[in-house]
Amino acid sequence: MGTHGCPGDCGAQVAHHQLACRRCWYRLPQVLREDVTNAYRRRADNPAAHRAALLAASQWYRANPLGGD
C-alpha cells in the first residue's frame, strides 16, 4: 500500500493512490483536477495521458507553492 509526500509541499503523507491531500487537491484548479481524475479512470487504456495529467498537476504545484512564495 504505502504513502508518498503531498506534491503541494504541505508536509502531509497521502495514500499511494491519491495525488494530494484534500487541502492541496482543492488548491489545484478544477480543470486540472478533472484532467487527473479522468485520466486516472482511463489509465489502463491511455497511460501516457495519465502521466501527462500528473505532470501538469505537479508543475502547477511547483509554480504555485503553498503560502504564495
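The values are calculated or read from the model by the stated rules, or taken from the named source; none is laboratory data. Please read all numbers here as calculations on a predicted model, not as lab measurements. For neighbour counting, all protein chains shown are included, and Cβ atoms are generated from backbone atoms with ideal geometry for every residue, glycine included.
See the values below:
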quantity: Cβ pairs under 7 Å, 6+ apart, first in the stretch 2-15 and aliphatic (A, V, I, L, M), second surrounded by 11 or more Cβ atoms within 10 Å (Cβ to Cβ) and in a loop (DSSP other than H, G, I, E, B); calculated: 12/6; 12/21; 14/6; 14/20; 14/21
quantity: Residue in the stretch 14-69 that is farthest from residue 1 (Cα to Cα), counting only those that are buried (at least 17 other Cβ atoms within 10 Å of the Cβ) and of a type in the set (Val, Ile, Thr); calculated: 36
quantity: Residue in the stretch 8-23 that is modelled with pLDDT of 95 or more, part of a helix (DSSP H, G or I), out of contact with any His (no Cβ under 8 Å at 6 or more places or on another chain) and not acidic (Asp, Glu) present; calculated: yes
quantity: Positions within the stretch 24-61 being under 12 Å from the mean Cα position of the chain (by Cα) and either in contact (Cβ under 8 Å) with a residue 40 or more places away in the chain or not in a helix (DSSP H, G or I) (or both), in sequence order; calculated: 24, 28, 29, 57, 58, 61
